[in-house]
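Structure first, then comments.
The values are calculated or read from the model by the stated rules, or taken from the named source; none is laboratory data. If you're wondering where the values come from, they're calculated on a predicted model, not measured in any experiment. Cβ sites come from the backbone with ideal geometry, for glycine too, and all protein chains shown count toward neighbours. Quick note on the areas: whole protein, heavy atoms, side chains included, nothing else; ligands and nucleic acids left out. Shrake-Rupley method; radii C 1.70, N 1.55, O 1.52, S 1.80 Å.
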Amino acid sequence: MKLAIAHPERLVREALRRTLLRSDHELLWAATDRAEMDRECRRQPPALLLAQLELLGRKAEHLPRLIEAGISVIALASSQAAGDGYEALGLGALGLIEPPRLDDSGELIGGQRTLTRIQRLASLVGYTGPAATPTPVAQGSRQTRIIALGASTGGPLALAKVLASLPADLGAAVVIVQHIESEFTSGLAEWLGSQSKLPVCVAERGDTPQPGRVYVAGSGGHLVLLPSLQFSRQTARASELHVPSVDALFNSLAQHAAAGAAALLTGMGSDGVAGLGEMRRRGWYTLAQDEPSCVVYGMPRAAMESGAAIQAMDLAAIGPALVRQLAKVRG
């Protein structure tokens, strides 16, 4: 794949250049500022651009123009200075990652970790692979009703809009999987909390989902619900593309939670489709975000084509529809 780098710091550009030398990707150019980045994108557009978050503008306002030009973007930022990173993800950035660095002796630090993440995110461009085969499930216990949401590319802004539409007295727990690098999950939960009437936290092992609270899948594997109705972490295989996985959560909810409501939002690929289908078979109300309101109509399209989702719906209507459905169940 033809890649490009845009970052104002020479040492970061060099660390990224050395990292890419370990791969079969072709580095087209490396820009130092936004003007040079724009000029090079017009002259020799890359398939994938690794760009410092600040070069994408305030609230990543510059990102849509790059995407419209057919350039996929990975935003680069430290976990302590993510800033508008969640806006960038919401507008369609493939991912948000920390760049590698050079130590005082010039040794590359974090190169392999960064390359693994770049390879994984790059594989999403045009990805149409099959969904993972769900594990066998059995009828389980019944307790707190749950709203489950899964999202990938474009997800943070979509999730924020759904959460903003939920009432402060919601009589259900909300559980979310968003494809994002592990060091940014705490920041994502905090950012989503600023957009929601409900408290938002990272789901911890041993937590029991409570009504009126939002739980975001964190790092360390796949978030799942146990037969005890407590959250746990399922170890991820090295070959798995998405960690945390929407399918892992959805399948565990179908197995152990009371039938609730779920939606698959904007994103590439098909993660979550198999789990959503299992939910529907077990009596859950299942929705997909419709194409006009998606940044990427990949996961929702797969959900509709497979029959996993009952209906495709505009993003603004999804939250109210999920709440109405749970009210019908309680009634």
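Part of a helix (DSSP H, G or I), touching a residue at least 24 places away in the same chain (Cβ under 8 Å) and either open to solvent by 20 Å² or more (accessible area, probe 1.4 Å) or basic (Lys, Arg) (or both): which single residue out of ALA321, ALA317, ALA302 fits that description? None of the other options fit; the residue is ALA302. Has region 261-281 got at least one residue that is farther than 17 Å from VAL246 by Cβ and of a type in the set (Val, Ile, Thr)? So far as region 261-281 goes, no, none of its residues is farther than 17 Å from VAL246 by Cβ and of a type in the set (Val, Ile, Thr). Whenever a residue of region 232-245 is in contact (Cβ under 8 Å) with a residue 12 or more places away in the chain, its partners that are part of a strand (DSSP E or B), lying with C-beta atoms within less than 6 angstrom and at least six residues away or across chains, give the pairs SER232/VAL224; GLN234/HIS222; GLN234/VAL224; ALA236/HIS222; PRO244/VAL177; PRO244/HIS222; PRO244/LEU223; SER245/HIS222. Selection of region 230-255 for residues being outside any loop (DSSP other than H, G, I, E, B) and surrounded by 22 or more Cβ atoms within 10 Å (Cβ to Cβ) yields PHE231, VAL246, ASP247, ALA248, LEU249, PHE250, ASN251, SER252, LEU253, ALA254, GLN255.
Let's see how each residue does on (1) under 23 Å from the mean Cα position of the chain (by Cα); (2) of a type outside the set (S, T, N, Q); (3) at positive phi:
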position	(1), (2), (3)
LEU11	no, yes, no
LEU16	no, yes, no
SER23	no, no, no
LEU27	no, yes, no
ALA30	no, yes, no
LEU48	yes, yes, no
LYS59	yes, yes, yes
ARG65	yes, yes, no
ILE71	yes, yes, no
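Total residues in region 96-116 satisfying the condition of being over 19 Å from LEU21 (Cβ atoms) and at pLDDT below 90: the figure is 1. Answer with yes or no whether GLY150 is over 21 Å from GLN325 (Cα atoms) and either of a type outside the set (A, V, I, L, M, F, W, C) or assigned to a strand (DSSP E or B) (or both). Judged against the criteria, GLY150 is not a match.
Inspect region 75-83 for any residue being out of contact with any helix residue (DSSP H, G or I) (no Cβ under 8 Å at 6 or more places or on another chain), open to solvent by 60 Å² or more (accessible area, probe 1.4 Å) and of a type in the set (Gly, Ala, Ser) and give the result as yes or no. No; the residues of region 75-83 include none that is out of contact with any helix residue (DSSP H, G or I) (no Cβ under 8 Å at 6 or more places or on another chain), open to solvent by 60 Å² or more (accessible area, probe 1.4 Å) and of a type in the set (Gly, Ala, Ser).
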